[in-house]
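Just below is one structure, and these are the notes that go with it.
The values are calculated or read from the model by the stated rules, or taken from the named source; none is laboratory data. Small disclaimer: the values here were computed from a predicted structure and weren't measured. Every residue, glycine among them, receives a Cβ derived from its backbone with ideal geometry; neighbour counts consider all protein chains shown.
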Amino acid sequence: MATQLKRDLKCSDAEWTARQDLAACYRIFDMLGWSESIYNHISVRVPDVDGAFLINPYGLLWSEVTASNLVKIDIDGNTLDGSPYPVNKAGFTQHGCFHKNLPWAHAIVHTHTPDTMAVCSTEEGLTATNFYSCFFMGMIGYHDFEGITVRAEEGERLLRNLGNGRQVLMLRNHGPVVLGHTIQEMFLLYYMLQRACEVQVKTSAAGTPITISEEVIAVHQRDRDEVVLPGGFGRADFDAWVRKLDTIDRGWRE
């Protein structure tokens with residue numbers, strides 16, 4: 001059936017692989033409790049089509065996303081694959097801006113999980129108070145809240161506040177945006193950020209947080225790659241969660 005769906009979409013092998021990876025990512029996020037009803041977005045650049053990316057059909061739960069029902073759109077939000085589903089304007093406005101201006105940003109996620117939103121809504125933002133947060137120190141941009149991201153002119157400020165070399169933008173009073181060179185890298189970066197925020201929220205409720213020194217943070221970040229498995233950052237993690245997903249439901253592959 002998957003082969004027929006691929007033919008119906010008239011997509012290349014590279015696009016079909018991207019569709020399956022993205023569908024798996026939506027299902028894994030949902031399985032881990034990181035989805036938000038029919039809202040929020042994960043997008044992936046179509047590997048062999050300039051200016052095109054895949055995003056979720058607006059109106060479906062993340063647990064309903066499959067490889068074939070993902071919507072292929074251009075930077076302006078125009079549907080390219082004849083999909084009957086609409087796309088959330090906030091999704092292509094924000095994601096389109098990053099995909100258009102950052103050639104390395106292959107995969108992008110924006111969520112509204114309670115813990116990441118809580119940290120985004122504090123004056124301090126993410127603090128150097130736990131194992132996970134230390135990986136992100138000096139590597140996060142912050143963007144002041146301007147309402148729902150549906151106006152293209154906000155894109156310039158989003159890019160400026162992300163800054164060069166950063167892969168995380170915390171939208172204040174809103175939620176995080178995480179960008180990756182690959183979908184696997186994006187997934188693990190988000191996993192670590194989610195953990196960092198969960199621990200920070202719990203630590204703040206438990207007592208006075210212990211702040212980690214800049215010297216230790218530098219060593220911590222330097223040694224990160226010592227524990228990365230072959231295949232690139234996030235590959236082994238993503239593959240492990242795909243195996244878990246397949247024990248529950250393989251419908252996302254079609």
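For the structure I just gave you, tell me whether L245 is more than 25 Å from F98 (Cβ to Cβ), at pLDDT below 95, in contact with a helix residue (DSSP H, G or I) (Cβ under 8 Å, 6 or more places away or on another chain) and not hydroxyl-bearing (S, T, Y).
no
Residues checked against (1) closer than 20 Å to L9 by Cα; (2) crowded, with 17+ Cβ neighbours inside 10 Å:
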{"residue": "D48", "(1), (2)": "yes, no"}
{"residue": "S63", "(1), (2)": "no, no"}
{"residue": "L70", "(1), (2)": "yes, yes"}
{"residue": "A105", "(1), (2)": "no, yes"}
{"residue": "D115", "(1), (2)": "no, yes"}
{"residue": "E124", "(1), (2)": "no, no"}
{"residue": "T129", "(1), (2)": "no, yes"}
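Only one of P84, P57 is over 15 Å from the mean Cα position of the chain (by Cα) and closer than 28 Å to D115 by Cα. Can you tell me which?
The match here is P57.
Mind counting the residues in region 11-31 that are exposed (fewer than 14 other Cβ atoms within 10 Å of the Cβ) and touching a residue at least 40 places away in the same chain (Cβ under 8 Å)?
Counting residues in region 11-31 that are exposed (fewer than 14 other Cβ atoms within 10 Å of the Cβ) and touching a residue at least 40 places away in the same chain (Cβ under 8 Å) gives 0.
Residues being among the aliphatic types (A, V, I, L, M) and within 13 Å of the chain's Cα centre (by Cα): count how many of those fall in region 25-43.
Counting residues in region 25-43 that are among the aliphatic types (A, V, I, L, M) and within 13 Å of the chain's Cα centre (by Cα) gives 2.
Please indicate, with yes or no, whether at least one residue in region 112-134 is under 23 Å from F53 (Cα atoms) and at pLDDT 95 or above.
yes
Just the residues that are buried (at least 17 other Cβ atoms within 10 Å of the Cβ) and over 21 Å from G33 (Cβ atoms), please, taken from region 91-101.
F92, T93, Q94, H95, G96, C97, F98, H99
Find all pairs meeting these conditions: Cβ atoms under 9 angstrom apart; at least six residues apart or on different chains; first residue within region 138-157 and on the phi < 0 side of the Ramachandran plot and modelled with pLDDT of 90 or more; second residue among the charged types (D, E, K, R) and exposed (fewer than 12 other Cβ atoms within 10 Å of the Cβ).
Filtered contacts from region 138-157: G141/R160; H143/R160; R157/D144.
In region 181-237, what count of residues is obtained for those that are within 26 Å of A105 (Cβ to Cβ), among the hydroxyl-bearing types (S, T, Y) and surrounded by fewer than 11 Cβ atoms within 10 Å (Cβ to Cβ)?
0
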